[in-house]
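Quick notes on the structure that follows.
The values are calculated or read from the model by the stated rules, or taken from the named source; none is laboratory data. Quick caveat: nothing in here was measured; it's all calculated off a predicted structure. With ideal geometry, Cβ positions are generated from the backbone for all residues, glycine too; neighbour counts draw on all protein chains shown. Side chains included, ligands, DNA and RNA excluded: accessible areas come from the protein's heavy atoms. Shrake-Rupley method; radii C 1.70, N 1.55, O 1.52, S 1.80 Å.
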Amino acid sequence: MIDNHHKNIATFIHLSTFSRFIIPFGNFIGPLILWVANKDKSPFIDAHGKQIINFQISILLYSLIIGAITIPFFIFNFFNGIDFINFHNLDDFHFNIRRPSSLLYFTGILGGLAIIAFILEIVSIIKASLKAREGEAFKYPITIQFLK
């Protein structure tokens, strides 16, 4: 039987990822500090700490991959569509933006997927914290197991 104190610690380990909205890299720092300080108290806390850290590292890796694909397409397509030659003086300064290429639409689709992934991340964290509060194990989706 898992006592309420261990359930609360596991719940706060999951919820501490929301500290990223206040502290840069708080989604790593908060769970890592809570997990390291409490992992020896219970296998339940250890398992939940490993799960959230693995999930956050996986999300970072997926975000870097999406960013590495998306940002160059956006930058090259944006600057390709602007004609900088039409700058004669301050009175006659204007942008000549033509129809965007299909790669820019691809970039928009990847950006939309990133937004959907962010929403699913928030939902997964809340679901995991509720499972931890109930004393149940939780496996995050699409997680690479860095810590076993």
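Data for the structure
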{"read-out": "Residue match in region 59-68 (condition: open to solvent by 70 Å² or more (accessible area, probe 1.4 Å) and not in a helix (DSSP H, G or I))", "value": "no"}
{"read-out": "Region 98-124: number of residues that are open to solvent by less than 70 Å² (accessible area, probe 1.4 Å) and among the charged types (D, E, K, R)", "value": "1"}
{"read-out": "Verdict on E136 being at pLDDT 90 or above, assigned to a loop (DSSP other than H, G, I, E, B), closer than 30 Å to N4 by Cα and of a type outside the set (A, V, I, L, M, F, W, C)", "value": "yes"}
{"read-out": "Matching residues in region 18-31 - criterion: being assigned to a helix (DSSP H, G or I) and surrounded by fewer than 18 Cβ atoms within 10 Å (Cβ to Cβ)", "value": "F18, S19, R20, F21, G26, I29"}
{"read-out": "Residue in region 107-122 that is more than 20 Å from S42 (Cα to Cα), modelled with pLDDT under 80 and not basic (K, R) present", "value": "yes"}
{"read-out": "Residue count for region 102-148, restricted to those that are among the aliphatic types (A, V, I, L, M) and over 16 Å from the mean Cα position of the chain (by Cα)", "value": "7"}
{"read-out": "Any hit, region 39-48, residues being more than 22 Å from the chain's Cα centre (by Cα), under 14 Å from E136 (Cα atoms), of a type in the set (G, A, S) and open to solvent by less than 70 Å² (accessible area, probe 1.4 Å)", "value": "yes"}
{"read-out": "In region 125-148, the residues that are open to solvent by 80 Å² or more (accessible area, probe 1.4 Å), closer than 14 Å to Q56 by Cα and of a type outside the set (V, I, T)", "value": "K139, F146"}
{"read-out": "Residue in region 66-73 that is within 22 Å of the chain's Cα centre (by Cα), polar (S, T, N, Q) and at pLDDT below 80 present", "value": "yes"}
